[in-house]
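Each reported figure results from applying straightforward, stated rules to the coordinates on display, with no laboratory input. Just so you know, these numbers come straight off a predicted model, no measurement behind them. Cβ coordinates were reconstructed from backbone atoms using ideal geometry, including for glycine residues, and neighbour counts include every protein chain displayed.
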Amino acid sequence: MPAETTQRKDELARNLRRAERRVAAACEAAGRPPQEVTLIAVTKTRPAADVRLLAELGVRDVGENRDQEAAPKAALCAGLPLRWHFIGQLQTNKARSVVSYADSVHSVDRLRLVDALARAVAQSDRAHRPLGCLVQVALDVQQSGGRRGGAAPEEVEEIAAAIVEAPGLRLDGLMTVAPQDGPYMDRPRAAFERVAEIGARLRTLHPAATALSAGMTGDLEAAVAAGATHVRLGGAVLGERA
Ligand SMILES: *Cc1c(COP(=O)(O)O)cnc(C)c1O
């Protein structure tokens, strides 16, 4: 291995260990078993070479937020034992591409996108392998005008029902990003608890929808305290983005 690659691998290994310790400490503080929380390494803006090194270090879950970037990267990493989580705002015309490599989409926030994903799965060669779907909830959708993606809380049940109805899609749970606006601004713990409540209500209708994807590098402790099952870590694992 070239010296630079070895150096980068060591750096990623250190970051990863530190991030895993942070998640474990957050679980311990919350009285939760650490196996309940999956660490997703968010590799956006990073090269396929980093993804490959992470796979060698035992990472199995990676997250990407732009199809234009993720599709070629996933192709370069074909054959590695990875699950690809699509976590960014998704246009319906990208659904076909995304279902060709993604195991799950965390950012399902409207009925039209459910339809597009279902159609894309039906036309793909993965028809027997369902696409995991999480409904993205935005608690600041009124203030942000929906610019950052996410459904309003009152829309969640209808979108979830459409996912359950759609052949080829599987309802896994909810995703959220700490609000940058509105009543939950600067209160990530309260925001994550609110979304966890919405998830608990959803499970009275759909008991298998157990996932709560919440928490990034800056707020993973608050998310784990609120019950997150998936944390999406970019900077903590890959280093801060330029
Ligand atoms: C970039 C991104 C992350 C990771 O953010 P960090 O602060 O680097 O951990 C998580 N979730 C989404 C939706 C993102 O776009």
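Some points to look at:
- Scanning segment 1-50 for residues that are of a type in the set (A, V, I, L, M), under 21 Å from LEU80 (Cα atoms) and in contact with an Asp or Glu (Cβ under 9 Å, 6 or more places away or on another chain) turns up LEU12, LEU39, ILE40, ALA41, VAL42.
- Positions within segment 65-90 being within 18 Å of LEU113 (Cα to Cα), not in a helix (DSSP H, G or I) and not aromatic (Phe, Trp, Tyr), in sequence order: ASN65, ARG66, HIS85, ILE87, GLY88, GLN89, LEU90
- Matching residues in segment 154-171 - criterion: being crowded, with 17+ Cβ neighbours inside 10 Å and not hydrophobic (A, V, I, L, M, F, W, C): GLU155, GLY168
- Filtered residues of segment 175-206 (kept if more than 14 Å from the ligand (Cβ to nearest atom), assigned to a loop (DSSP other than H, G, I, E, B) and either acidic (Asp, Glu) or in contact with a Gly (Cβ under 8 Å, 6 or more places away or on another chain) (or both)): ASP181, ASP186
- Taken residue by residue, segment 181-189 has at least one member that is hydrophobic (A, V, I, L, M, F, W, C) and more than 20 Å from VAL108 (Cα to Cα).
- GLY146 vs. criteria within 16 Å of the ligand (Cβ to nearest atom) and over 21 Å from HIS230 (Cα atoms): yes
- Only residues that are within 16 Å of the ligand (Cβ to nearest atom) and either in a helix (DSSP H, G or I) or under 25 Å from ALA161 (Cα atoms) (or both) were counted across segment 227-242, and they come to 8.
- When the residues of segment 207-226 are filtered to those that are buried (at least 17 other Cβ atoms within 10 Å of the Cβ), without any contact (Cβ under 8 Å) to a residue 60 or more places away in the chain and more than 15 Å from the chain's Cα centre (by Cα), the one that is nearest to the ligand (Cβ to nearest atom) is ALA222.
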